[in-house]
Amino acid sequence: MADNAEPEQTQEQDFLRDRESLTLPLLSSHRSIPNSTSQVAIVGSHVCPIESLDYEYVMAFIVFFASNLVLTLFASVITAVIAPAAAGSGIPEVKAYLNGVDAPGIFSLRTLAVKIVGSITAVSSSLLVGKAGPMVHTGACIASLLGQGGSKKYGLTWKWLRFFKNDRDRRDLVTCGAAAGIAASFRSPVGGVLFAFEEMASWWRSALLWRAFFATAVVAIVLRALIDVCRSGKCGLFGTGGLIMFDVYSANVSYHLADVPPVLLLGVIGGILGSIYNFLLDKVLRLYNLINEKGVVYRILLACSISIFTSCLLFGLPWLASCQPCPSDALEACPTIGRSGNFKKFQCPPGHYNDLASLIFNTNDDAIRNLFSKGTNSEFLYSSILIFFFTCYFLSIFSYGICAPAGLFVPVIVTGASYGRLMGMLFGSDSNLDHGLYAVLGAASFLGGSMRMTVSLCVIILELTNNLLMLPLIMLVLLISKTVADAFTGNIYDLIMKSKGFPYLEGHAEPFMRQLTVGDVVTGPLQMFRGIEKVGNIVHVLRSTRHNGFPVIDEPPLSEAPVLFGIILRVHLITLLKKKSFLSTPVPTGSGSEVFRQFSSGDFAKRGSGSDEKLEDLEFTDEELDMFIDLHPFTNASPFTVVETMSLAKALILFREVGLRHLLVIPKLSGRSPVVGILTRHDFMPEHILGLYPVLITGFMKSTRLPFLQLFMEPIVDDDQKRAHIVFSVLTHIFKQDMT
């Protein structure tokens, strides 16, 4: 009898222990019976039986921590040392370039290589970053290299590509490359075209539409072929989970009028959360910029610090979650122990899984797929989804600004999906919609609230989920979230461009610009050259200024009165000085002269990224400085000009739509200098204009439809100009919104 009682007592203890493991988190103070059964730990690719539970999890944490730190360290080192322009998403840089801002090094071959390798290691290091943004930058880099004929520095050039070596074709190729990047990221060819049209391109032509569509179609075909190869088992682990594609709603989706109010609430909250997200991200980026400016070592230390914090947080949070029994209708093994799987065992007993660990210790793509899945209403607990939401929300903010390639698309989708899933769980039986559908709508609302795109995001989500029946609901949440978020902050990529100092020109003119003329914002002094100029004067002006365009005027005896001949660029002047085709006397040269024959069209073609000539590399003798250069054959004799009395708003539209870099201002009346000044991108920036005329700030704040701000503006108008400019910059950064 005693022998029979002992097994029964053991079975009862096991039952009580398993029951407690289901109802209490592992770190709870009420836990009394530890789980000391033998486990199997995965260390690298070797399976090691470990008898001690504490030792097992300590070793697992060390491996997790060390691998993440090494990958982050590698990504940050190659980015900080080799190509700093590869840090971040790359979408703000590409968008700024398509607006006319050519930042140095953003499309170089080194940037391309670091972007590819760095994004792979950064995503693999458990940082909450995405790969969609880096793929957009990668596509733009490839397109730019093709547009400039390859890379002369590394001996990769093709003569047939010189046909595209001009500003317009290069810009079109970069636009197609950005569209191809989105198409490759989400397997969304139509969404890629619309993304390039809605978010990236500042100038759009009908011919560019079919070219971008052709590029994304080729991407879709090649990607489909590679997927088929990998599904045949020829790729090993490669291609099993890294592709973002969620075929989760092939079945019919039914919803009724009573389901619309929860969807509206989802859009409103998504807009508020998105605007707060943008605000916090902008503040964090400004803090990171202060750290990164101190040097390479500080950039690397910042990245490693974020990696350490992320590893500790991700490994510790699942201990707060309780175990759940495996679903009886699971389509895969439950629980899973190993490198992949959606039901992570973690600390749970056999036949149970940790829902929070299943979201954290998975790829972002698999986590999104789990949240989007239909018929999984009972797989996640409230506490787990809430913890996962806040973790993704803040980790994505702190992870983005480090010195490593990092995207925002996937983190925003993960965060929005967890928020939508949580809302679906809260509504519960009061709604006919599935929790997975709420996750899709939550991702759409958070994307609309942070990125402020509508059409392209709608198509991308539809192509991701593979169901057109969701179109009305997705359109609704996108429109509502964008409208709500526009009342608080700006587009996330616009805020990033502003923090990076890119002078991006909006597609509309501010209302106060209609009250000013171009002559009101032109500042001096204006540097001009004569048609036949002395070499010493050219060298002095180039060394003492940083201007990129100079008016060329003709004076007697070349003309009866001073007259504008054209404009010449700084890079062309340096090319002339490098060739040293000087004249001993100030005599005009014809187009067939020996001096003119020394140059070819390639000498004045668009330079590749980082290949501009530098004046510091040139040396001149005193005799050469006293010689002359005839600038007439090398000057643009038909520049765009406006009269000084023209409206500044009209000049902005002309400047942006034509894609100009310089706009010459000429006098309305004769008898004055033939050129009043030059308008550049800087002269159209609101901060510059309101710095010149602080009295316009009050009218500007009234037009923002935020009346309470007027209380803060009264002392500003009466203060000095500098203080007004500083305060205005702060206020417009916080309360920026679109104005028509």
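For segment 154-171, does any single residue satisfy the condition of being open to solvent by 50 Å² or more (accessible area, probe 1.4 Å) and at pLDDT 85 or above? Looking for residues that are open to solvent by 50 Å² or more (accessible area, probe 1.4 Å) and at pLDDT 85 or above, one finds at least one in segment 154-171, hence yes.
Within segment 408-453, the only residue that satisfies the criterion of being under 23 Å from the mean Cα position of the chain (by Cα) and charged (D, E, K, R) is 452. State whether one or more residues within segment 484-499 are in contact with a Cys (Cβ under 9 Å, 6 or more places away or on another chain) and surrounded by fewer than 22 Cβ atoms within 10 Å (Cβ to Cβ). Checked segment 484-499: no residue is in contact with a Cys (Cβ under 9 Å, 6 or more places away or on another chain) and surrounded by fewer than 22 Cβ atoms within 10 Å (Cβ to Cβ). Residue 531 - would you say it is in contact with a His (Cβ under 8 Å, 6 or more places away or on another chain), open to solvent by less than 30 Å² (accessible area, probe 1.4 Å) and small (Gly, Ala, Ser)? Yes.
Residues of segment 666-689 being under 19 Å from residue 561 (Cβ atoms) and open to solvent by 30 Å² or more (accessible area, probe 1.4 Å), which ones? Within segment 666-689, 666, 668, 669, 670, 671, 672, 673, 676 meet the criteria. Only one entry in 489, 545, 523, 517 is hydroxyl-bearing (Ser, Thr, Tyr), touching a Phe, Trp or Tyr at 6+ places or on another chain (Cβ under 9 Å) and within 29 Å of residue 688 (Cβ to Cβ), namely 489. Residues in segment 494-526 that are of a type in the set (S, T, N, Q) and under 16 Å from residue 663 (Cβ atoms): 517, 523.
When the test is whether a residue is part of a helix (DSSP H, G or I), within 22 Å of residue 411 (Cβ to Cβ), at pLDDT 90 or above and in contact with a Pro (Cβ under 6 Å, 6 or more places away or on another chain), residue 217 does not pass it.
So that you can scan it fast, the table gives a plain yes or no per residue for (1) exposed (fewer than 13 other Cβ atoms within 10 Å of the Cβ); (2) at pLDDT 80 or above; (3) touching a Leu at 6+ places or on another chain (Cβ under 6 Å); (4) of a type in the set (Lys, Arg):
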position: 584; (1), (2), (3), (4): yes, yes, no, no
position: 591; (1), (2), (3), (4): yes, no, no, no
position: 594; (1), (2), (3), (4): yes, no, no, no
position: 598; (1), (2), (3), (4): yes, no, no, no
position: 603; (1), (2), (3), (4): no, no, no, no
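Does segment 412-427 include one or more residues that are touching a Pro at 6+ places or on another chain (Cβ under 6 Å), touching a residue at least 60 places away in the same chain (Cβ under 8 Å) and hydrophobic (A, V, I, L, M, F, W, C)? Looking through segment 412-427, at least one residue is touching a Pro at 6+ places or on another chain (Cβ under 6 Å), touching a residue at least 60 places away in the same chain (Cβ under 8 Å) and hydrophobic (A, V, I, L, M, F, W, C).
For residues that are buried (at least 19 other Cβ atoms within 10 Å of the Cβ) and of a type outside the set (Lys, Arg), scanning just segment 650-665, find the one that is nearest to residue 522 (Cα to Cα). Ranking the qualifying residues of segment 650-665, first place goes to 665. Residues in segment 398-443 that are polar (S, T, N, Q), modelled with pLDDT under 90 and over 18 Å from residue 480 (Cβ atoms): 2 in all. The listed residues are 422, 469, 441, and the only one of them that is of a type outside the set (Phe, Trp, Tyr), open to solvent by 10 Å² or more (accessible area, probe 1.4 Å) and closer than 23 Å to residue 393 by Cβ turns out to be 422. Where helices (runs of 4 or more DSSP H) sit wholly within segment 609-700, those with at least 2 residues that are over 19 Å from residue 503 (Cα atoms) occupy 622-625. Filtering segment 282-336 to residues that are closer than 16 Å to residue 403 by Cα, open to solvent by 70 Å² or more (accessible area, probe 1.4 Å) and aliphatic (A, V, I, L, M) leaves 287, 290, 297, 301. Of the residues making up segment 505-528, those that are crowded, with 20+ Cβ neighbours inside 10 Å and closer than 17 Å to residue 570 by Cα number 0. No other residue among 470, 475, 497 is free of Cβ contacts under 8 Å to residues at least 24 places away in the same chain and either on the phi < 0 side of the Ramachandran plot or touching an Asp or Glu at 6+ places or on another chain (Cβ under 8 Å) (or both) apart from 475.
The values are calculated or read from the model by the stated rules, or taken from the named source; none is laboratory data. Note that this is a predicted model, so its numbers are computed, not measured. With ideal geometry, Cβ positions are generated from the backbone for all residues, glycine too; neighbour counts draw on all protein chains shown. Ligands, DNA and RNA are excluded from the accessible area calculation, which covers all protein heavy atoms including side chains. Shrake-Rupley method; radii C 1.70, N 1.55, O 1.52, S 1.80 Å.
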